[in-house]
């Protein structure tokens, strides 16, 4: 009599649900695919107007030049006229290369420039013709991408004329974005800084919160509930209210542009985490604590040897969320760190977004490096994550 | 301390000079102050209800008994753990009017995408869209409370001939309404403190035509760009009052809608 229908209907329903879920997952994962795809693209590939999903795949153009396939980019105007590639030297290591109409060069002298009217005055230097270009309707003037190290000596990039039919597009991830980004943006240093700050922050936070929560959850003393209530009230104040007095305080202490404002506050705990741990401590059987006291345990030892091991799951949650806080914090570093040398990952990423906003390949590579540790953490500690969200309702 | 500063002329270095309520008076006459308040209100008014709807829809979908559900759940949750700055940088590029894939896909279906962050009218929709991407936390909360809904209520409703839609409206929603209220309030509080995304995505400027000049961004600019610690403190206290009033109002209004067990 079940109203749920036959097996076939059930199958159709579950298939439909799966299809819907998969479609929506794709939508949610699209930004990630875009992020990773872009992080492996070369600059010319990044600046391509997307027309379909294939744009997610990093690719390179390759053409046979000097007998081997070489990557080419920035194909320019069609060369459908007789032309020559010429070369001249303006000085040691200052070789220049250019394309010129065959009719614009005579007796080794340039008469008129094709594509750079205000370029260097080649007619001042002796020009040699490198090769004649076979004109065809689909030829383009391509830049030949060389290994970046080859260009380090001030050498000019090579150009060549290749017909479109010889240019093959294929999958080509540019892993160098990661290497270059780490070097150029000094992201390796940001990484170290952020890791150190985060470790110190988490360590101090877990220790101080559990210590304080012990005072509120296990010990009994007059006025305890009142103090606890006052502490909870501090949670109501938006962070921006305390931002300025705290800033002034740290300024008076001379802590601006040091890591101390980012780490030392952890020593004073967080009202929310203390609350979380206290609630957990209340579930620990009193008889256990009383037994320890009878055995002559001091309060410190009870805290260290009994409560801490027992409250491991709650401590994990506190640790995880303070890790996330320290790793992701933006306002703190923005306010307190003034020299670029001391930037954290978040701050560095935000600053480079403004300064080098056009080098999207590298920028996205650095974004991937910022996200990956958190994603790894998420997949390792998924349960703690979900538990933490349920406990706290926090979004960050 | 903060309240004391809000009554002074103070650049952060010299001694604060007491000026009474001058700072508050200046703010009330400041066009940018009102603009930033309006921007924040508009953002919150759209982001919070839409966030609740999307999170609820996802949670209902993910509450079905299907194979591979934990994988789906992880996929919808993952965006919410992405560091805010990273997400902002990513979305600037995702929504790039010319080269971004989002407008690319829109073109594919024949829609000319807007300029998003470069257009004053589309800046806030872009930010709302981004906030919907990271509703994972709210979704998990709903999912947890959905699993607490007693099965026999559904069975009873089925016997009475209720379909899935009516079961959702008359059983599921009332039972999880306290959780929804909680997320709405957290969302409102968070919405009024919206800062990092706006700062990162506009380079701290507030964007085209100040469309992304949110309250806390203006507060930050006042304090650290214009060295007006007094004015910024006054803004902080007004924010506190605004949040307090809105939270209380929400609680009041919610009494008609929220169902508490055992009442």
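The one condition from (1) free of Cβ contacts under 8 Å to residues at least 12 places away in the same chain; (2) more than 31 Å from the chain's Cα centre (by Cα) that residue A:242 does not meet is (2).
Table: residues versus (1) more than 30 Å from residue A:343 (Cβ to Cβ); (2) touching a strand residue (DSSP E or B) at 6+ places or on another chain (Cβ under 9 Å); (3) without any contact (Cβ under 8 Å) to a residue 24 or more places away in the chain.
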| site | (1), (2), (3) |
| --- | --- |
| A:217 | yes, no, no |
| A:230 | yes, no, yes |
| A:248 | no, no, yes |
| A:251 | no, no, yes |
| A:266 | no, no, no |
| A:273 | no, no, no |
| A:284 | yes, no, no |
| A:287 | yes, no, yes |
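Residues of the stretch A:258-274 that are surrounded by fewer than 19 Cβ atoms within 10 Å (Cβ to Cβ) and farther than 14 Å from residue A:197 by Cβ: A:268, A:272. Check whether at least one residue in the stretch B:69-77 is within 18 Å of the chain's Cα centre (by Cα) and closer than 27 Å to residue A:374 by Cβ, and report yes or no. Checking the stretch B:69-77: at least one residue is within 18 Å of the chain's Cα centre (by Cα) and closer than 27 Å to residue A:374 by Cβ. For the stretch B:237-257, the set of residues classified as surrounded by 18 or more Cβ atoms within 10 Å (Cβ to Cβ) and either farther than 11 Å from residue B:192 by Cβ or touching a residue at least 24 places away in the same chain (Cβ under 8 Å) (or both) consists of B:237, B:238, B:239, B:243, listed by residue number. All of (1) buried (at least 16 other Cβ atoms within 10 Å of the Cβ); (2) modelled with pLDDT of 90 or more; (3) out of contact with any helix residue (DSSP H, G or I) (no Cβ under 6 Å at 6 or more places or on another chain) hold for residue B:234 with one exception: (3).
Any residue at all in the stretch A:223-237 that is surrounded by 14 or more Cβ atoms within 10 Å (Cβ to Cβ) and within 14 Å of chain B (Cβ to nearest Cβ)? The answer is yes; a qualifying residue exists.
Under the condition of being over 26 Å from residue B:111 (Cβ atoms) and at pLDDT below 90, the residues counted in the stretch A:19-57 number 3.
Summed over the stretch A:2-59, the residues that are loosely packed, with under 12 Cβ neighbours inside 10 Å, more than 11 Å from every other protein chain (Cβ to nearest Cβ) and not in a helix (DSSP H, G or I) give a count of 2.
From the list A:262, A:320, A:276, pick out the single residue that is within 14 Å of another protein chain (Cβ to nearest Cβ) and part of a helix (DSSP H, G or I). From the options A:262, A:320, A:276, the qualifying one is A:320. If you take the residues of the stretch A:333-343 that are assigned to a helix (DSSP H, G or I) and away from chain B (no Cβ under 11 Å), which of them is surrounded by the fewest Cβ atoms within 10 Å (Cβ to Cβ)? If we take residues in the stretch A:333-343 being assigned to a helix (DSSP H, G or I) and away from chain B (no Cβ under 11 Å), then A:341 is surrounded by the fewest Cβ atoms within 10 Å (Cβ to Cβ). Of the helices (runs of 4 or more DSSP H) lying entirely inside the stretch B:49-166, those carrying at least 3 residues that are more than 12 Å from chain A (Cβ to nearest Cβ), surrounded by fewer than 21 Cβ atoms within 10 Å (Cβ to Cβ) and at pLDDT below 90 are B:151-159.
The values are calculated or read from the model by the stated rules, or taken from the named source; none is laboratory data. Computed from a prediction, not measured in an experiment: that's the story for all the values here. Cβ atoms come from the backbone with ideal geometry, glycine included; neighbour counts cover every protein chain shown.
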